[in-house]
1. With (1) buried (at least 16 other Cβ atoms within 10 Å of the Cβ); (2) of a type in the set (Ser, Thr, Tyr); (3) at pLDDT below 80 as the list, and residue A:93 as the residue in question, which single condition is left unmet?
2. Does any residue of region A:371-388 turn out to be within 30 Å of residue A:433 (Cβ to Cβ) and part of a helix (DSSP H, G or I)?
3. Considering only region A:286-344, state which residues are in contact with a Leu (Cβ under 8 Å, 6 or more places away or on another chain), of a type in the set (Val, Ile, Thr) and more than 14 Å from chain B (Cβ to nearest Cβ).
4. May I ask you to list the residues in region B:83-102 that are of a type in the set (S, T, N, Q) and surrounded by fewer than 19 Cβ atoms within 10 Å (Cβ to Cβ)?
5. Can you name every one of the strands (runs of 3 or more DSSP E) wholly within region B:19-73 that holds 3 or more residues which are among the β-branched types (Val, Ile, Thr)?
6. So if I check each of B:5, B:15, B:48, B:34, which one is free of Cβ contacts under 8 Å to residues at least 24 places away in the same chain and of a type outside the set (Val, Ile, Thr)?
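The values are calculated or read from the model by the stated rules, or taken from the named source; none is laboratory data. All values reported here derive from a predicted model rather than from experimental measurement. Note that we place each Cβ from the backbone using ideal geometry, even for glycine, and neighbour counts take in every protein chain shown. Remember, those area values only see protein heavy atoms, side chains included, never the ligands or the DNA or RNA. Shrake-Rupley method; radii C 1.70, N 1.55, O 1.52, S 1.80 Å.
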Amino acid sequence: MKFKDQLRFVRQNMKKNKSRVFMTVLATAMGCAFLIVLASVGFGLQKSIVDKIVGDRLVTAITVWGKKNIDQQLNAEDLKYLKSLNHVKAVTYKDYIMQPLVYTSDNQTMSTDKTVAVDFEEEAKAGFALAAGRLPQKPGEVVAGFHFGKTVIGPEDAARSEDKRADKERAEGWIGKKLTFDVHQLVNGKKESFPQQVTVVGIKEKPKREWLMDTNIYIEIGLRDQIEQLTGTQLGEMRIAANGNEEAYEPRAFDEPRNYNSVETFVSKAQQVKETAETMREKGYSIHSIADEVSQIDVVFTIMKIGLVFVGTIAILIASIGIFNTMTMAVTERSQDIGIMKAIGAHPRIIRRIFLLESAWIGLLGALVGTAAAYLLSAAVNTGVPLLIQAFMNEKVPQDFIFSLIPPYLAALSCAISVGVALLSGARPAKRATRVDVLRALRRDV
Amino acid sequence: MIEVKGVSHQFNIGKKGSEKIVPVLHEINLHIKKREIVAIVGRSGSGKSTLLNLMSGYIRPVKGEIHVMGEQVTHLSEGQWADFRLRHFGFMFQSFQLIPSMTAYENIELPLVLQGMDTLKRKLRVQELMERVDLHDYAGHYPGELSGGQQQRVSVARALVLNPPIVLADEPTGSLDSENEMQLLGLIHELNRERGTTFVIITHDEQVAAIADRTVALADGRLKPGKEQVTYEV
């Protein structure tokens with residue numbers, strides 16, 4: 001018997017009792033929708049929480065704290081080694097200038113306390129993202145943090161609070177501005193100043209975490225070297241003169257071997273993090289990667305999602321009782337038809353297949369309707385829950401927070417579970433159909 | 001064609017443990033030849049339907065063997081019997097046994113569907129048979145919309161649609177009036193002569209026995225001696 005004929009039989013049979021089939025499909029659809037929506041909460045929360053944790057950091061980044069339990073700082077040799085590792089596409093570091101530089105521009109004074117020297121070539125490879133402008137190409141050019149403008153102090157403070165421009169527009173306003181600052185150092189016990197001027201050529205992308213403020217000035221390594229030459233010390237650190245009980249402090253000279261801080265290595269793909277991290281650990285580096293952190297969270301969420309899918313599956317199992325009942329009644333009602341078919345030569349295998357196909361069809365219809373309903377419910381949850389939280393709890397849900405997320409494979413898995421459970425619940429009635437006694441079905445006098 | 005060798009059968013009646021054994025057939029030996037119309041006659045309870053059911057494979061004999069077209073069929077599994085039935089047998093029943101939710105066309109088509117024939121070939125075959133049994137105007141009618149005679153003609157068409165070498169008929173005229181009975185018997189006779197189909201007909205109707213090449217009488221589960229003879233020649 002051909003498959004299309006089997007389907008025709010199934011359709012004909014289902015038409016015989018439309019309301020019962022409809023109710024069974026409805027129950028399956030409800031079970032399937034419940035499973036998807038329940039699991040989608042796990043997926044949604046995982047995505048939102050992981051996104052919050054990852055924030056600006058890249059999952060392809062591995063932070064290197066130091067060597068031998070952080071006691072030993074990284075030197076140029078280490079950086080060279082890290083760059084030589086397989087899959088590593090960039091190695092970045094941050095050299096914080098060790099004295100507060102006060103920037104002024106157009107009679108405005110900025111209170112930023114961090115000036116960071118970075119290797120822009122490596123940063124570009126690592127994905128240093130700009131909100132506007134370009135990366136510096138010479139020592140006199142800098143990139144300002146997105147919130148650099150918010151560090152203006154003095155009478156401008158009030159004006160700034162009345163500035164209704166969008167953050168990005170305001171940040172972009174700094175491009176092309178010249179900033180002046182003084183580098184200080186004790187020379188023969190006397191504080192000397194060395195005026196400098198730089199131009200803002202780029203604005204760094206806004207940090208993804210709302211509460212983070214990026215007020216840094218990112219300078220070129222060339223400018224760091226200039227500052228070091230002026231101060232004679234590494235990272236422009238200031239000398240301290242002896243004063244009473246306090247001893248004089250002489251920082252490390254700029255031409256001494258250098259240590260590197262906030263070293264991060266970047267691999268091309270997230271899957272390469274584990275292998276690269278293992279290699280680094282074997283070499284004695286103390287490291288941390290967001291992928292490690294996320295993988296731990298993923299484990300927790302995977303367990304949670306399995307639990308939710310399991311609970312959701314119970315709903316489908318309950319619906320399967322309906323399918324079992326429907327199929328059992330169908331077998332009872334059609335026992336004469338089955339008997340006639342068997343009497344004229346229908347193979348028991350075909351009878352079983354027709355009934356299994358019918359239950360699978362009910363499962364599939366329920367799964368499709370349930371999946372469509374689940375997508376609608378998911379959208380309603382994502383729209384409605386923040387409004388409810390705001391209305392009843394007076395709390396604002398963070399922007400882009402997703403409560404329910406249905407990845408395509410969740411929908412596919414739920415459909416597979418629905419059809420699988422439907423097949424299982426139809427198996428026994430189908431087997432019963434093959435056992436229909438021909439003579440009894442034909443009501444023949446024997 | 002059909003060889004029944006020393007077949008005995010009995011039914012176990014009653015609850016398990018206190019069953020009563022009722023013998024139905026005793027050492028039946030019967031040979032049915034190709035192209036024969038054989039009428040099996042006997043009183044109610046004589047075992048004629050049981051004999052037909054044994055030949056159909058609906059039940060298995062307690063003792064003895066049945067050979068159909070040279071094949072020993074007694075030990076076939078249920079699935080093998082199903083295939084065997086579809087290949088070699090057509091069936092006609094007293095109460096027609098048409099599927100009520102299928103039209104006359106679909107009922108006739110059913111054996112072809114089970115065999116897996118293409119839709120187009122099926123259509124040609126069914127239409128040809130519907131013409132033959134004079135039902136071409138009733139293709140879309142459900143059994144409930146047809147008269148007894150028409151239903152039996154649908155049943156005949158269904159039995160013959162696969163051109164089986166053997167048709168087993170259990171009281172085919174039992175539910176028909178005399179006019180329809182005569183039509184059906186004429187049709188059986190024609191088909192036997194045209195196609196060479198072997199008919200084994202269970203009946204207690206003398207009219208049916210009259211068109212048979214041979215009548216076999218059963219009484220109390222035994223063949224009546226001297227009754228296995230040709231009674232009618234065309």
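1. All conditions are met except number (3).
2. yes
3. Answer for region A:286-344, where residues must be in contact with a Leu (Cβ under 8 Å, 6 or more places away or on another chain), of a type in the set (Val, Ile, Thr) and more than 14 Å from chain B (Cβ to nearest Cβ): A:290, A:309, A:311, A:313, A:316.
4. Scanning region B:83-102 gives B:95, B:101.
5. Result: B:20-32, B:37-42.
6. Numbers: B:5 fails: free of Cβ contacts under 8 Å to residues at least 24 places away in the same chain; B:48 fails: free of Cβ contacts under 8 Å to residues at least 24 places away in the same chain; B:34 fails: free of Cβ contacts under 8 Å to residues at least 24 places away in the same chain.
Selected residue: B:15, the only one of B:5, B:15, B:48, B:34 that is free of Cβ contacts under 8 Å to residues at least 24 places away in the same chain and of a type outside the set (Val, Ile, Thr).
Conditions tested, residue by residue: (1) within 14 Å of another protein chain (Cβ to nearest Cβ); (2) open to solvent by 40 Å² or more (accessible area, probe 1.4 Å); (3) part of a helix (DSSP H, G or I).
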residue	(1), (2), (3)
A:399	no, yes, no
A:403	no, no, no
A:414	no, no, yes
A:423	no, yes, yes
A:427	no, yes, yes
A:432	no, yes, yes
A:441	yes, no, yes
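Let's see how each residue does on (1) of a type in the set (A, V, I, L, M); (2) surrounded by fewer than 16 Cβ atoms within 10 Å (Cβ to Cβ):
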site: B:125; (1), (2): no, no
site: B:133; (1), (2): yes, no
site: B:170; (1), (2): no, no
site: B:173; (1), (2): no, no
site: B:186; (1), (2): no, yes
site: B:190; (1), (2): no, yes
